[in-house]
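Colleague: The structure's right below; bear with me while I get my questions together.
The values are calculated or read from the model by the stated rules, or taken from the named source; none is laboratory data. Since we're looking at a predicted model, the values are computed, not measured. For neighbour counting, all protein chains shown are included, and Cβ atoms are generated from backbone atoms with ideal geometry for every residue, glycine included. When the accessible area is computed, the model is the full protein with side chains, heavy atoms only, and any ligands, DNA or RNA have been set aside. Shrake-Rupley method; radii C 1.70, N 1.55, O 1.52, S 1.80 Å.
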Amino acid sequence: MNNENIQAPFFVINPKTFLIGNELLDLARYANSLAKQYHVTLLFTAPHPELGNIVRECPNLIVTAQHMDSILPGDSMGHISAHSLVYVGVQAVVLNHADHPMTLTAIAKAIERAKEVGLLTIVCADSVPEAQAIAMLGPNVILAEPTELIGHNQKSDRLYVTSTIEKIKKVNPDILVEQGAGIRSENDVTEFLELGADGVGVTSGIVKANKPKEMMEKMIQAVASFQEKRK
C-alpha cells in the first residue's frame, strides 16, 4: 500500500471520542455517502472498538485507527497490534497525536511495522523541526498541527502552514502534508488547500457544529470544488 491510496486533496474526519456507538456510525455512514457523491478521498478515524463496524458499513472510506504499537503477535498485552487492525479491515493509522505522543524511535518502529502489513501512516508533528525529523522516517502523511491550537478556534497561521509544507517536501517530496488546527468552516478548508496542503483534518469543527452533518458536507464540498479547479 502506498500514497496512491490517498489522493490529494483529501479530507480527514476525526471524531476522537466525542461520538461513540450509533452516533459515530451514523456520521460514518453519511461520510461514506458523501465520499461516493463528491468523489473525494475521505479518511475516517475511530476508537479501536468501533473500527470493525465502520469497515463493514462504509466501503468508500479509508477507515483509520487512532493509534497502534509496533508489537508483533505474541505475549504482549494491552497494546494495539498492526496485524489486528489489518484483520478487521483498517487501512490507515494515526501515530504521535498530542493525546498519545511517541518518541521518534517508537514512531520509526511503528511506521516499519505498518509498512510490513500494508497500513498507511499519518504521523502528527507539532513543530517544523519535529515535522522534518518525522519526514526522515518516511510516513505516508504528516499531520502538521501545533498542539496548543488543537480543539480551539484559532487556525495555524499562514507561515506555519507554508513552512511546514516546504520543509517536509524538501526532505521527502512524496510525503503528503495534512493541516488540521482550528478549522471551523468550509472557507478554512479552502484556505489551507490553497496554501498548499494536500489534505485537511477536522474534529471540533464538525462534532461541535450546530449541525455536524451539514458542516461536514460543506467542508467536503470545498475539497471537491478545489479538486475540480485543479483539473
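Colleague: Quick one: give the max-minus-min coordinate of the C-alpha atoms of region 9-76 along each principal axis, largest first, in Å.
Modeller: Here the Cα extents, ordered largest to smallest, are 44, 26, 20 Å.
Colleague: For Lys213, list the aspartates and glutamates whose Cα falls under 15 Å from its own Cα; do not include residues on the same chain fewer than 8 positions away.
Modeller: Leaving aside aspartates and glutamates fewer than 8 places away in the same chain, those within reach of Lys213 are Glu23, Asp26, Glu186.
Colleague: Could I ask something else about it? Using only Cα atoms, locate the centre of region 74-122 and the centre of region 154-231, then give the distance between them in Å, rounded to an integer.
Modeller: Measuring centre to centre over Cα atoms gives 24 Å.
Colleague: Let me ask something additional. Can you return the aspartates and glutamates within cross-link range of Lys16? Criterion is Cα-Cα under 12 Å, with same-chain partners fewer than 8 residues away left out.
Modeller: Partners found: Glu50, Asp99.
Colleague: Could you state the orientation-averaged shadow area of the convex hull built on the Cα atoms of the chain, in nm² to one decimal? Walk me through the numbers on the way to the answer.
Modeller: Numbers: hull surface 45.8 nm².
Over all viewing directions, the chain projects a mean Cα-hull area of 11.5 nm².
Colleague: Ratio of region 108-231's C-alpha Rg to 2.2 N^0.38 Å, to two decimals?
Modeller: Numbers: Rg = 14.7 Å, N = 124, 2.2 N^0.38 = 13.7 Å.
After normalising by residue count via 2.2 N^0.38 Å, the value is 1.07.
Colleague: Of all the accessible heavy-atom surface of region 2-155, with the other protein chains kept in place and a 1.4 Å probe, what percent is carbon and sulfur? Could the numbers behind the result be given before it?
Modeller: Working: 3660 of 7110 Å².
Ligands and nucleic acids excluded, carbon and sulfur give 52 percent.
Colleague: Let me ask something additional. In Å and on Cα atoms, what radius of gyration and Dmax does region 162-231 show?
Modeller: Just the Cα atoms of region 162-231 yield Rg and Dmax of 12.9, 40 Å.
Colleague: Now for a different question. I'd like to compare 135-145, 108-118, 208-218: which one has the highest average count of other Cβ atoms within 10 Å, and what's the full order after that?
Modeller: Values: 135-145: 23.5, 108-118: 18.0, 208-218: 15.2.
So the peptides 135-145, 108-118, 208-218, ranked by packing, come out 135-145, 108-118, 208-218.
Colleague: Continuing with this model, one more query. Read phi for every residue in region 202-214 and hand back ³J(HN,Hα) as whole Hz from Karplus 6.51 cos²θ - 1.76 cosθ + 1.60, θ = phi - 60°, with x for Gly and Pro.
Modeller: Coupling constants for region 202-214: 9, 10, 4, x, 9, 5, 9, 5, 4, 10, x, 5, 5 Hz.
Colleague: Separate question: In square angstrom, what is the accessible area per residue of the chain with a 1.4 angstrom probe?
Modeller: 47 Å²
Colleague: What is the set of long-range amide H partners of Gln66 at a cut-off below 5 Å, with H atoms built 1.01 Å from backbone N?
Modeller: Amide H neighbours of Gln66, under 5 Å, 5+ apart: Ala46, His48, Val94.
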